[in-house]
1. When only residues in the stretch 359-378 that are of a type in the set (S, T, N, Q) and crowded, with 20+ Cβ neighbours inside 10 Å count, which is nearest to the chain's Cα centre (by Cα)?
2. When the stretch 22-47 is examined, which residues are found to be surrounded by 24 or more Cβ atoms within 10 Å (Cβ to Cβ) and outside any helix (DSSP H, G or I)?
3. Name the residues in the stretch 67-96 that are aliphatic (A, V, I, L, M) and touching a strand residue (DSSP E or B) at 6+ places or on another chain (Cβ under 8 Å), would you?
4. Of everything in the stretch 451-467 that's of a type outside the set (V, I, T) and in a loop (DSSP other than H, G, I, E, B), which residue is nearest to D438 (Cα to Cα)?
5. Kindly provide the set of residues from the stretch 3-23 that are closer than 18 Å to V485 by Cβ and either within 20 Å of the chain's Cα centre (by Cα) or without any contact (Cβ under 8 Å) to a residue 40 or more places away in the chain (or both), ordered by number.
6. Name the single residue that is farthest from the chain's Cα centre (by Cα) among those in the stretch 472-500 being under 28 Å from I326 (Cα atoms) and without any contact (Cβ under 8 Å) to a residue 40 or more places away in the chain.
Amino acid sequence: MSLRSTNLEKLDGGHFDVFIVGTGINGAVSAAVLAGRGASVAVIDRGDFGSFTSQESSNLVWGGFKYLENYELGLVRKLCLSRNRLIESYPANIKEIRFLAALDESSPFAPALASLGTLAYWGIGSFATKPPRHLTAKKIEQVEPVINTESVRGGIEYSDAYLKDNDARFVFSFVRSAIKAGATAANYVELSSAERVDGTWQAHMVDRETGRKFTATADVVINAAGPFIDGLNQSWNLRTDHRIVYSKGIHLVVPQLTKNERVLAFFDDTQRLFYVIPMGKRSVIGTTDNRVDDPNTAVNDDDRNFLLGQINARLDLDNPLTIADIIAERSGVRPLVVDNDGDDKEEVDWTSLSRKHEIERDASLKVVSIFGGKLTDCLNVGEEVAAEVEALGVKLDPDDGEWFGEPPEEMREEFYREARLMHLDDLRTRADIEPLSDRLWRRYGQRAFSMLEAIREDPSMGEDIMDSADYLRVELHQAAHTEMVTRLEDFMRRRSKIELVVHEDDYRGSVGLREAAEILFGDAADAKLDEYFDEASTAR
């Protein structure tokens, strides 16, 4: 029986202390903290884990430097401290990275003022990163020749952090932690309805893969539905003090624009920030910021042309980027929190809204609602949700901090010792890719030990299964057994980032992709491949 099937059996007819709807970063971290502190937890998502807003981020872990403009010092302080804690807790996954902002004549801030801002930002973040510095236009040209400095007045350089792998995989790590602590988790399970009967929640669900219907009960419900939180609360006749508005953001993945592992920042023609963010051998350009009313978004020609035009004007490229250079696209909405006055049509100054979160507790219905938030703030969200759940009568164990973070240093050292003894890194001879030991430890932690054993027993497990994707055969077997890959997109887009960094033409019809599907789905490989490309065609 697969891991997903086992969890579905536990879900059907089960009773839980807490039932969580949604497995974006908010739902995933809530499941991890509550299960890690002894509660019985069920968490479901009508899609895959982290498959909506949480898979469309900039992959950055940052304190919100731009929020200083609106004097949100308390929020910036909170986010910086959370960033620092994440860097410390996830040393293999979250790395400090330098941001270089080039300021031209159209920028809203002069370089001298921006430099003062970086010093304040560094101090607000407890001086935990490398110090900032002011850059002249000449210095920018020296350290980052790809930037066109003709109209640049100067610039700033400061530190934040970013995810070495993709955002959705980081979200899934919290789901894995919750499962390890005893939680029941299932993807592609839709909540069809829920009502409170005699003091207990009854949740009616349907498995979107098979159509099977089932019911579970719970004492407390957590609404972590992200952009869909308001509709779910309304279905329960639950009145809240806050609601969500949407800002659409897109990213374009293109060939690597600079080999320097830093983030380049610019103000676009509307004086909004956009970035060039490293993603291995690719660069990610984004993001835009446009108010929309529908959380379901897609990249359109206007989006593409705007971003390509902005970046071509600010970089000194031998050949300007065109639509043909786009390898992959990302589009999502930021759920931004506003006060709920009951009038959905009221105009909100959404351009000034930050990515703060708000958590509300309804004591009569025993519902906790999580509004807004961002990846950087996830540990704070988890701890605040746990406090609200306790206030609703669910007894939790003391917080020992074991529900988040990478395995202890002693375990890491033992893994690297075993990897050296078996010459794992010698399996790769290319100098431009990271050592296998680093990659396996970062992605799998304790589970990487079993992968070493598998490679010892069968050296073919250490071979790349898809040449352009840099993914080992043993990783596919690991995903098949422990990562609840239900559709091929789950693996290609979220457990890995293959779909983000490899053009579809390079893997469509490949022998490696077919083998990947066979490992993941066995006899259903053909059907899963057809489903994957049919959905990709529809999305385009």
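The values are calculated or read from the model by the stated rules, or taken from the named source; none is laboratory data. Everything numeric in this text was worked out from a predicted model, so none of it was measured. When we count neighbours, we look across all protein chains shown, and the Cβ atoms used for this are built from the backbone with ideal geometry, even at glycine.
1. Of the stretch 359-378, the ones of a type in the set (S, T, N, Q) are 364, 369, 376.
Among the residues that remain, those that are also crowded, with 20+ Cβ neighbours inside 10 Å are: 369, 376.
Values: S369: 20, T376: 10 Å.
So, considering only residues that are of a type in the set (S, T, N, Q) and crowded, with 20+ Cβ neighbours inside 10 Å, the one nearest to the chain's Cα centre (by Cα) is T376.
2. At the first step, the residues of the stretch 22-47 found to be surrounded by 24 or more Cβ atoms within 10 Å (Cβ to Cβ) are 22-36, 39, 41-45.
Residues satisfying the conditions are G22, T23, G24, A39, V41, A42, V43, I44, D45.
3. Within the stretch 67-96, L86, I87, I94 meet the criteria.
4. Filtering first and then ranking leaves E463.
5. Our first condition is that a residue be closer than 18 Å to V485 by Cβ; within the stretch 3-23, this holds for 3-8, 23.
Of everything in the stretch 3-23, those that are closer than 18 Å to V485 by Cβ and either within 20 Å of the chain's Cα centre (by Cα) or without any contact (Cβ under 8 Å) to a residue 40 or more places away in the chain (or both) turn out to be S5, T6, T23.
6. L472
Yes or no, residue by residue, for (1) touching a Cys at 6+ places or on another chain (Cβ under 8 Å); (2) of a type in the set (K, R); (3) assigned to a helix (DSSP H, G or I):
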| site | (1), (2), (3) |
| --- | --- |
| A469 | no, no, no |
| L476 | no, no, yes |
| F491 | no, no, yes |
| R494 | no, yes, yes |
| D505 | no, no, yes |
| L513 | no, no, yes |
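Rundown of residues vs (1) within 20 Å of the chain's Cα centre (by Cα); (2) more than 18 Å from G22 (Cα to Cα); (3) hydroxyl-bearing (S, T, Y), yes/no style:
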| site | (1), (2), (3) |
| --- | --- |
| N296 | yes, no, no |
| F306 | no, yes, no |
| T322 | no, yes, yes |
| N340 | no, yes, no |
